Amino acid sequence: MNTVYNFCAGPAMLPQPVMRKAQEEFINWQGLGCSVMEISHRSKPFIALADAAERNLRELLSIPQHYSVLFMHGGGRGQFSAVPLNLAEATEHADYLVTGAWSKSAVQEAERFVTPNIVAESCVINGETTLPDQASWQCSDNAAYFHFCTNETVDGVELNVLPDVGDVPLVADMSSTILSRPLDIEKYGVIYAGAQKNIGPSGLSVVIIRNDLLDRARHNTPSVLNYGLAAQNGSMYNTPPTYAWYLAGLVFEWLKEEGGVSAIYSRNKAKAAMLYEGIDATDFYINSIASPYRSIMNVPFQLADPTLDDAFLTQAEENGLMALKGHRSVGGMRASIYNAMPIEGVKALVDFMKEFERKNG
Ligand code: PMP
């Protein structure tokens, strides 16, 4: 098989060693004579797997003991509903920072359960997407929580500084950035992430929650979205997505072997720098996100001449560069360069971009 580099935003490529191990173990896991997906989640071997996955995630992200780690269903969007149901009463306000498509979707879902207050929205100044200064944000007086998205997968907008919101619990959608860089967990009330970028297959979501926030769920919260119930039951109130959990565990082991989150962060910065340099070196390609907000995980870019888009995508695929089409709402291209993308993949993309420009510029 020729080398293919998959730039899909999610479900995204998983590390090759993880995929190979999963293949080897597929029909005979730990000598049991069957697959890990065919055994009870309450069996000893599965409980051991679940414990190891949590232990490794805690180690990778330095998660303190007064935080719980939950493995839940429903992806990122499931958490758009779980957050207001678990953290606010119907009559309360919750603050939302809108930096792109996903935080906007989170607001729309929250409207069913709480009164969301948009504190600020990203905007375009001098042709660049940026964020208004925090001093101008309109926060509510008594917000039940403050929600934001640390990395906007569609727009390629990433926040490197934390909103300063005093004692209001910070709730972060980290679906497309978790495990890409070190975190100070204690700054957050809740962190959640759909798995299908840096963790494993879709469907699973990981929630990291400060323990004092576990018992606030309103009475009509669906049980499968209830953080307290999930914590009390070791994330097994109902049958968890066991195969996704197993793969997440393999990804955590892989990341530890790669040197952990600090090591992968250095690699991620180098990959992003290489790609942005390639884009900025020419007027043929454009990325219009202001540099402090440029994502190191999702890099959208446009061709100055969009009539070349189709040819770019076709020839990229012929060169083993998959899934570069931008999100339908943005158009152009998007290269998602999560943890599993090797630096060789980014180099291959930048080389292809130069060659394409040489032929068409
Ligand atoms: N938040 C972010 C930042 C995302 O990138 C996505 C999916 N791409 C979601 C939420 C929604 O996740 P899901 O499709 O798993 O519900």
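The values are calculated or read from the model by the stated rules, or taken from the named source; none is laboratory data. Because the structure is a prediction, the values reported are computed rather than measured. Ideal geometry is used to build each Cβ from the backbone, glycine not excepted, and the neighbour counts take in all protein chains shown. Calculation scope for accessible area: heavy atoms of the full protein, side chains included, ligands and nucleic acids excluded. Shrake-Rupley method; radii C 1.70, N 1.55, O 1.52, S 1.80 Å.
So, of the residues in segment 97-152 that are part of a strand (DSSP E or B) and touching a Cys at 6+ places or on another chain (Cβ under 7 Å), which turns out to be farthest from residue 327 (Cα to Cα)?
In the first step, residues of segment 97-152 are kept if they are part of a strand (DSSP E or B); the result is 97-98, 115-121, 123-125, 128-130, 146-149, 151-152.
Filter once more, so that each one left must be touching a Cys at 6+ places or on another chain (Cβ under 7 Å): 119, 130.
Values: 119: 26, 130: 19 Å.
Step by step, filter segment 97-152, then rank; the result is 119.
With the requirement that a residue be open to solvent by less than 40 Å² (accessible area, probe 1.4 Å), touching a Pro at 6+ places or on another chain (Cβ under 7 Å) and more than 16 Å from the ligand (Cβ to nearest atom), what does segment 163-221 give you?
Answer for segment 163-221, where residues must be open to solvent by less than 40 Å² (accessible area, probe 1.4 Å), touching a Pro at 6+ places or on another chain (Cβ under 7 Å) and more than 16 Å from the ligand (Cβ to nearest atom): 185, 189, 213.
Could you check how many residues of segment 68-106 are buried (at least 18 other Cβ atoms within 10 Å of the Cβ), over 20 Å from residue 223 (Cα atoms) and in contact (Cβ under 8 Å) with a residue 40 or more places away in the chain?
The number of residues fulfilling the criteria is 9.
List pairs: first residue in segment 194-216 and in a helix (DSSP H, G or I), second residue of a type in the set (A, V, I, L, M, F, W, C) anywhere in the structure, Cβ distance under 8 angstrom, at least six positions apart or on different chains.
211/231; 213/87; 213/190
Residue 19 - would you say it is among the aliphatic types (A, V, I, L, M) and either open to solvent by 20 Å² or more (accessible area, probe 1.4 Å) or free of Cβ contacts under 8 Å to residues at least 40 places away in the same chain (or both)?
Working: among the aliphatic types (A, V, I, L, M): yes; either open to solvent by 20 Å² or more (accessible area, probe 1.4 Å) or free of Cβ contacts under 8 Å to residues at least 40 places away in the same chain (or both): yes.
So residue 19 passes the test.
Go through segment 110-131 and count every residue that is under 30 Å from residue 200 (Cα atoms) and either surrounded by 19 or more Cβ atoms within 10 Å (Cβ to Cβ) or touching a Pro at 6+ places or on another chain (Cβ under 7 Å) (or both).
Kept after step one, since they are under 30 Å from residue 200 (Cα atoms), are these residues of segment 110-131: 110-113, 122.
The next check asks that each one be either surrounded by 19 or more Cβ atoms within 10 Å (Cβ to Cβ) or touching a Pro at 6+ places or on another chain (Cβ under 7 Å) (or both); those that pass are 110, 113, 122.
Total satisfying the criteria: 3.
Does residue 297 fit the bill of being over 27 Å from residue 149 (Cβ atoms) and open to solvent by less than 10 Å² (accessible area, probe 1.4 Å)? I'd like the intermediate steps shown before the answer.
Numbers: over 27 Å from residue 149 (Cβ atoms): no; open to solvent by less than 10 Å² (accessible area, probe 1.4 Å): yes.
Judged against the criteria, residue 297 is not a match.
Which residue out of 249, 234 is away from the ligand (no atom under 16 Å from the Cβ) and either in a loop (DSSP other than H, G, I, E, B) or in contact with a Pro (Cβ under 9 Å, 6 or more places away or on another chain) (or both)? Walk me through how you get there before you give the answer.
Details: 249 fails: either in a loop (DSSP other than H, G, I, E, B) or in contact with a Pro (Cβ under 9 Å, 6 or more places away or on another chain) (or both).
Residue meeting the stated conditions: 234.
Quick check on segment 141-154. Is at least one of its residues of a type in the set (Phe, Trp, Tyr), surrounded by 15 or more Cβ atoms within 10 Å (Cβ to Cβ) and under 23 Å from residue 272 (Cβ atoms)?
yes
Residue by residue through segment 290-348, note down the ones that are assigned to a loop (DSSP other than H, G, I, E, B) and over 28 Å from residue 162 (Cα atoms). Lay out the reasoning, then the answer.
Our first condition is that a residue be assigned to a loop (DSSP other than H, G, I, E, B); within segment 290-348, this holds for 290, 295-297, 304-305, 319-320, 323-324, 326-332, 337-342.
Listed by number, the residues that qualify are 304, 305, 319, 320, 323, 324, 328, 331, 332, 342.
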